[in-house]
Amino acid sequence: MLRMLIVRDYTSKSEKFSNNGHNLKKIVFFVWNKHGIRAEGMSRYLSACLYFLYTSINCALVALLYRYLFARKLKPKILVDAHRGAFQEPWSQIKFLTRFVIRRVELVIVENTEVQNLVSSIYCVQPLILEDPIPIFDQSVYNRESIRKKWHDDKDNDKALNIVVINPFTWDSPLQEILEAASELRDEAKFYITGDFSKARSKLLVRSDNVILTGFLSRIEYESLLKYVDVIIDLTLDTGRMQAGAYEAVAAGKALIVSDSAPLRRYFNKGTIHVVNSTGKIIEAIRKAREKKVQLEKEMHELCSEKQKEWEEKFTNSVIHKISSSKI
């Protein structure tokens, strides 16, 4: 699926962008996934209206149809934010439709070099690379004591390392290896595995008593848990993708353990331990995170500041510049 922006024509002098936000009536962001920090962050920065389309119809195709049928005089500019899944199964079966869309929009945005190369080679279009924005957590809702009361009992080891495992229960998540590592570390760490575990195979749900399946949490509960724990783990078998949970670890200022892949190593170059997706290496990484916790958290705060500034500059100089330009 393709997320996308619809932006009206900003060629008139009275409708230029400013650093203080933008007219809500001018920018619309359609997204197919209700829980997306990328869409939320981009639309917040643009002061755009964010709409979720509860349909399997391609969002960008909807925008093209709107422009053709209802807005020929307005000539709205259409920017497509294409995530990697749009070019994989099952969407790769409709390449003709993707080609039709992305060759008729003004700009295609992707999350990393790997997706840029993929789009360029298949569709002969050169997308703009824009990583996810660092999410903004609501600091006012965090209550450490309430988290302790919900997730801890009298039998818990207060010295144990608290770890959140962000897990979508999909094919590319090495959950079995994480559960095996948790079993080996039953006296050293407590694991909170987030996500909808109804998707998991039943044998993967057999776990040691230091593992809690939280289920799908509300935004407040989720952010509070991330800020409560010591380490955040977000692993993938897909070597070409970024991890939304890793951006959340940056926002929370926590030590991060992610898979050792090129895009993840490029971006998360501080406060992070990159690991091969094996039980032994995961155990080593967790113990290293415990040993270097203070240093990793300090580095993560530095990374957060750097990436926020870098993202805002890139967004302003690339995306907003192209939206504003009469020669987009």
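The values are calculated or read from the model by the stated rules, or taken from the named source; none is laboratory data. These numbers were taken from a predicted model, which means no experiment stands behind them. Quick reminder, even Gly has a Cβ in these numbers, built from the backbone with ideal geometry, and neighbours come from all protein chains shown.
Tabulated values for the structure
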| quantity | calculated |
| --- | --- |
| Residue under evaluation residue 319, criteria (1) assigned by TED's automatic domain parsing to the domain that holds residue 196; (2) at negative phi, criterion not met | (1) |
| Filtered residue count, segment 173-207, keeping only those that are among the hydroxyl-bearing types (Ser, Thr, Tyr) and either touching a Phe, Trp or Tyr at 6+ places or on another chain (Cβ under 6 Å) or modelled with pLDDT under 90 (or both) | 2 |
| Residue pairs meeting the criteria (Cβ under 7 Å; at least 6 apart or on separate chains; first not assigned by TED's automatic domain parsing to the domain that holds residue 246 and surrounded by 22 or more Cβ atoms within 10 Å (Cβ to Cβ), in segment 188-205; second at pLDDT 70 or above and of a type outside the set (Ser, Thr, Tyr)) | none |
| Yes/no for residue 269 being in the same structural domain as residue 188 (by TED's automatic domain parsing), modelled with pLDDT of 95 or more and over 15 Å from residue 236 (Cβ atoms) | yes |
| Enumerated strands (runs of 3 or more DSSP E) restricted to segment 222-328, each holding at least 2 residues that are surrounded by fewer than 23 Cβ atoms within 10 Å (Cβ to Cβ) | 272-275 |
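Here is a yes/no grid of residues against (1) in contact (Cβ under 8 Å) with a residue 60 or more places away in the chain; (2) among the β-branched types (Val, Ile, Thr):
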residue	(1), (2)
213	no, no
223	yes, no
231	yes, yes
234	yes, no
243	yes, no
247	yes, no
251	yes, no
